[in-house]
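Presented below is the structure to which this report refers.
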Amino acid sequence: MKKLRSSSSWLPTLLFLLLVFGTMQFVSSLNLISVYWQQVFMSACIMAISALGLNLIYGYTGLFHLGQAAFYGIGAYTSALITYYWSRMGPKLPIDFLGLHFDLSMTAMFLLALLAGALMAAIVAYLIGLPVLRLTGDYFCIASLGFNVIVYVLFNNADRLIPVMKGARGMVGIPRWTSWPWVFIFTVLALFGMRNLVYSSVGRAIISIREDEDAADVMGIDTAKYRTLAFVIGSLYAGLAGGLYAHLYTFLHPTCFAWIKSCDPFLIVVFGGAGGMTGTIVASLVWTFILEGLRVLLPRGFESWRYVIYPLIMLMIMLFRPGGILGRRELGFLKPKGIEVARVERVPAAASAGSDRPEERGSKDVSSED
Amino acid sequence: MSVLKIKKLTKYFGGLRAVHDFDFSIDEGELVGLIGPNGAGKTTIFNMVSEIYPPTAGEIEFMGQSIVGLKPHQVAQLGIGRTFQKIRVFKGMSVLDNVRLAYHPHAGYSIKDAVLHNALFSKREKELTERAQEFLSIFGLEDKQDELCGSLPYGDQHRVEIARALATEPKLLMLDEPTSGMNPREALEMVDLIKFLRDKFKLTIFLIEHRMRVVMGVCERITVIDFGEIIARGEPAEIRNDPKVIEAYLGERMAKELAAA
Amino acid sequence: MTYFLQQVVNGLQLGFVYILMALGYTMVYGVLRLINFAHADVFMVGAFLSYYIITRFHLGFLPAVLTSIVGCGILGMVIERIAYKPLRNAPRVCSLVTALSMSIFLEYFTALNFIFGPDYITYERPIKAIHWDLGGVRITNILLIIIGGSVLMIAFLYYIVHRTKMGKAMRAVAYDKDTARLMGINVDSIISLTFAIGSGMAGVGAVMYCLAYPQIWTFMGIMPGFKAFTAAVLGGIGNLAGAFVGSLIIGQIEVLTTGFIPSGSILRDAICCSVLILVLMFKPTGLFGKRE
């Protein structure tokens, strides 16, 4: 019997989140860890957002999607274009409030740009989904790959239409507005949103598609609609993550969004355990830190060994733990809410044929304490 | 009143003729069986009624409305529930979730409500959970509500599948070999269960079954098909004495056993 | 008009090179339902092996081909044993992950300085290029060698698959692995053999490719691999004739878009993929594929 969270455990969750936020703020403002590592941690969280989206698409819906990087890129470029112009030409509204210095107009536009990036990714996902979501299994995988290539080529040549995107030379000049508080807020929102979605009837409908589509159909679930929904939401997440990424590294190059890069979130999801949010988050962190850690640990001149070692690690994990490190197990507030068993009127023998419960004729006992 | 009316239903898979000119009707409250040798086309007929595959020709009317060309989920929402021959519960979901899914079309809240987990969501979710739990209780599964279906014994999985189909509150319930995999005692208990369910939930039941004692014991009328075509129709007593049925399906020994029973 | 014909001829050359790789993808998919991402990198290793034979050992074209076939065949079998066989009963995605991992590993490992190194290497062809002009269209001996070599390999494959007992066993395993095992076929050996043959063909394809474009790099397999894979899917993955036709089509599309559409050379990958998606939309199992 799985141990389920009881309903009044929001306090430990809140404390945990405050702890994480507080630690990071403390550590960064005192420069206890270098800017470089702060950036690595932020990029791990950003990757986690994208991977959560892919976990919805692959882990919960069962779609083999190797095109997440395309939507990441769409979110990145869309938001970058908006903030590029606004930061140069938009009005400034500096505010000094309770010791916080910020520019209201820039901040507001940053949020709007992130939203626009996410929405653009979602819209494109919807449009490409119309023809492509009908495909099954491996064919969908191939089509998603193909779509990624198309988007990559478009990014590479986008400077013909929008010169500032600079195509293959890479877009520069994006304002560096992603900071730890924003990354934290969005990661937490993404996580809560996903958790709430999954533990609802909508989530159940989506998971049933992965389990057995025909059986879901005959239960009245419009599987086509929910497949599309999952795909769109997963891509929305990718778009949001892309926007945050763009404003962290301030430089965008199409090769960051080639189909090879779609393998990263996919490997992370499988590595963490497809169909589990906790596994996805943990794997995102582990993966990012392994890659960066190897960069630091390996002696000078051996940095390129990172990409030799990481696939070997992936191979080992798959050979020894094919379900991923955490499988579908969830921890903490990501666990579903516990539901008390309720006993109502029952039919003797016939219905409980084979089960080892004694008969109880007509007892109406909606018990709660178990 | 007629719940399901099928006229000249035909299905070709490429060049292979699976079902041919199948006529059938079932009225409210009836319990009718469909029997025949393996490969006769019984499940294909069920799949066509569920619109999992489209018929090649013929008409299917449910409650007076033609359902050919609808999508399977639309047919289900109109009120046709079914189980499958090979158990197809959602193994990666809990027992409770399997049954709660049945209420999805009437969940009563939107995606926005789900993501926000707001008051409307909580209220509706609680209601549908309680209704699902009532069903689980009927089947004795309430203590296993949080178990993953894949880890349950076969018999329990079967019960979940039936509970799930019932939870969709269908007007017509199509059961595809509900006793498969059960031992004879369990199979006879299933007979009682089917009758009980029919009476309690005012269902119309259309049944595919191989176990002749079950069929004879529970069905009011039986249709027999072989190679996709109807070879006999009528009440159990007529069917078990029908020479065509004996030759194609029952065999002499079974016929004698049933006559003696 | 002659320009068009020239492009068609060029496309033919490219198409025949892709066929050899596409056959490998399709054969492996047929027996294991696996998209062998590492196939492109086996191709790359074949290219490097032939480079070494030609420039370091100064042996000719044929020894290069033979070395490549043997080297790639062995590499293919080793990859199968390490990365795919242990996961045959695990969910399919696990093999996909190991395939991707092997691909990344091969690309970066061989890029290390003490293996092949990370740089582009350009070298001289082992066969001098001769060309003839036929009514304004230039035909080279390279083209003829490529077409000839590919056709030979295809004929050889056809013979094996359709005229030998081994081939029958391969077809049985592709159709239904478990039943084949029950009928006494050593499924593991057949799968190894399939990988050996498919990878060997990639080796030949690599030598042909280098004959046409003698520039190698450890990441060189990615794009041709993707195109060959697209070709296999276009023709119906799992279907050998489909791989043949699909490759010729992709070869033509690539060359004709480069030749006729302004900025075609930049857009051609996108156009190939668009064609793929269109085909999948209307005939999801590819041109020659059957509904599963």
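The values are calculated or read from the model by the stated rules, or taken from the named source; none is laboratory data. Remember, it's a predicted structure, so these values are computed and weren't measured experimentally. No Cβ is skipped: glycine too gets one built from the backbone with ideal geometry, and neighbour counts run over all protein chains shown. Heads up: the accessible areas ignore ligands, DNA and RNA and are worked out on the full protein's heavy atoms, side chains in. Shrake-Rupley method; radii C 1.70, N 1.55, O 1.52, S 1.80 Å.
Here are a few things to note about the model shown:
- Among the residues of the range B:116-127, not a single one is among the aliphatic types (A, V, I, L, M) and either touching a residue at least 24 places away in the same chain (Cβ under 8 Å) or touching a Ser or Thr at 6+ places or on another chain (Cβ under 8 Å) (or both).
- A single member of A:L66, A:L114, A:L81, A:L54 is in a loop (DSSP other than H, G, I, E, B) and open to solvent by less than 60 Å² (accessible area, probe 1.4 Å), and it is A:L66.
- Here A:I46 clears all of (1) assigned to a helix (DSSP H, G or I); (2) of a type in the set (V, I, T); (3) over 26 Å from A:L119 (Cα atoms) except the condition numbered (3).
- Matching residues, the range B:187-207, being of a type in the set (D, E) and either in the same structural domain as B:Q133 (by TED's automatic domain parsing) or buried (at least 17 other Cβ atoms within 10 Å of the Cβ) (or both): B:E189, B:D192
- Only listed residue being in contact (Cβ under 8 Å) with a residue 24 or more places away in the chain, within 23 Å of C:Y123 (Cα to Cα) and of a type in the set (G, A, S), chosen from C:G30, C:G46: C:G46
- Number of residues in the range B:1-14 that are open to solvent by 70 Å² or more (accessible area, probe 1.4 Å), among the hydrophobic types (A, V, I, L, M, F, W, C) and closer than 17 Å to B:F62 by Cα equals 1.
- Test set (1) within 27 Å of C:F226 (Cα to Cα); (2) touching a strand residue (DSSP E or B) at 6+ places or on another chain (Cβ under 8 Å) - C:I146 fails condition number: (2)
- One residue stands out among those in the range B:36-81 that are assigned to a helix (DSSP H, G or I) and among the hydroxyl-bearing types (S, T, Y): the one that is nearest to the chain's Cα centre (by Cα), which is B:T43.
- Filtered residue count, the range C:256-278, keeping only those that are open to solvent by 60 Å² or more (accessible area, probe 1.4 Å) and not in a helix (DSSP H, G or I): 2
- Test result for A:F155, in contact with a Cys (Cβ under 8 Å, 6 or more places away or on another chain), of a type in the set (F, W, Y) and either crowded, with 24+ Cβ neighbours inside 10 Å or in a helix (DSSP H, G or I) (or both): no
- Taking the range A:306-333 as the range and being closer than 21 Å to C:S103 by Cα, open to solvent by 60 Å² or more (accessible area, probe 1.4 Å) and more than 7 Å from every other protein chain (Cβ to nearest Cβ) as the test, the residues that pass are A:M316, A:F320, A:R321.
Let's see how each residue does on (1) touching a residue at least 40 places away in the same chain (Cβ under 8 Å); (2) buried (at least 23 other Cβ atoms within 10 Å of the Cβ); (3) within 14 Å of another protein chain (Cβ to nearest Cβ):
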| residue | (1), (2), (3) |
| --- | --- |
| B:L16 | no, no, yes |
| B:H20 | yes, no, no |
| B:L34 | yes, yes, no |
| B:A40 | yes, yes, no |
| B:M63 | yes, no, no |
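- Qualifying positions in the range B:129-158 - open to solvent by 40 Å² or more (accessible area, probe 1.4 Å) and either facing chain A (nearest Cβ under 7 Å) or in a loop (DSSP other than H, G, I, E, B) (or both): B:E130, B:E134, B:D143, B:E147, B:P153
- Residues of the range B:148-191 that turn out to be over 16 Å from the mean Cα position of the chain (by Cα) and of a type in the set (D, E), as a count: 3
- Of the residues making up the range C:101-133, those that are away from chain A (no Cβ under 14 Å) and of a type in the set (D, E) are C:E124, C:D133.
- Selection count, the range A:280-305, where residues are touching a residue at least 12 places away in the same chain (Cβ under 8 Å) and within 14 Å of another protein chain (Cβ to nearest Cβ): 5
- Every condition in (1) modelled with pLDDT under 85; (2) out of contact with any Ser or Thr (no Cβ under 6 Å at 6 or more places or on another chain); (3) more than 14 Å from chain A (Cβ to nearest Cβ); (4) open to solvent by 50 Å² or more (accessible area, probe 1.4 Å) is met by C:G136 except one, and the failing one is (2).
- Meets criteria (within 23 Å of C:N36 (Cβ to Cβ), in a helix (DSSP H, G or I), in contact with a helix residue (DSSP H, G or I) (Cβ under 7 Å, 6 or more places away or on another chain) and without any contact (Cβ under 8 Å) to a residue 60 or more places away in the chain) for C:V245: yes
- Flag if C:Y84 is over 17 Å from the mean Cα position of the chain (by Cα), at pLDDT 90 or above and of a type in the set (S, T, Y): yes
- Residue selected from the range A:190-223 under the condition of a type in the set (D, E) and facing chain B (nearest Cβ under 7 Å), by the criterion surrounded by the most Cβ atoms within 10 Å (Cβ to Cβ): A:D217
- Screening B:N98 against (1) within 7 Å of another protein chain (Cβ to nearest Cβ); (2) touching a residue at least 24 places away in the same chain (Cβ under 8 Å); (3) among the polar types (S, T, N, Q) leaves a single unmet condition, (1).
- Only one of C:M281, C:M223 that is within 14 Å of another protein chain (Cβ to nearest Cβ), in contact with a Pro (Cβ under 6 Å, 6 or more places away or on another chain), among the aliphatic types (A, V, I, L, M) and open to solvent by 40 Å² or more (accessible area, probe 1.4 Å): C:M281
- Count of the range B:105-119 residues which are within 21 Å of A:I221 (Cβ to Cβ) and either more than 7 Å from every other protein chain (Cβ to nearest Cβ) or in a helix (DSSP H, G or I) (or both): 10
- The residues listed here are C:L157, C:L87; of these, the one that is open to solvent by less than 30 Å² (accessible area, probe 1.4 Å) and over 16 Å from A:L315 (Cα atoms) is C:L157.
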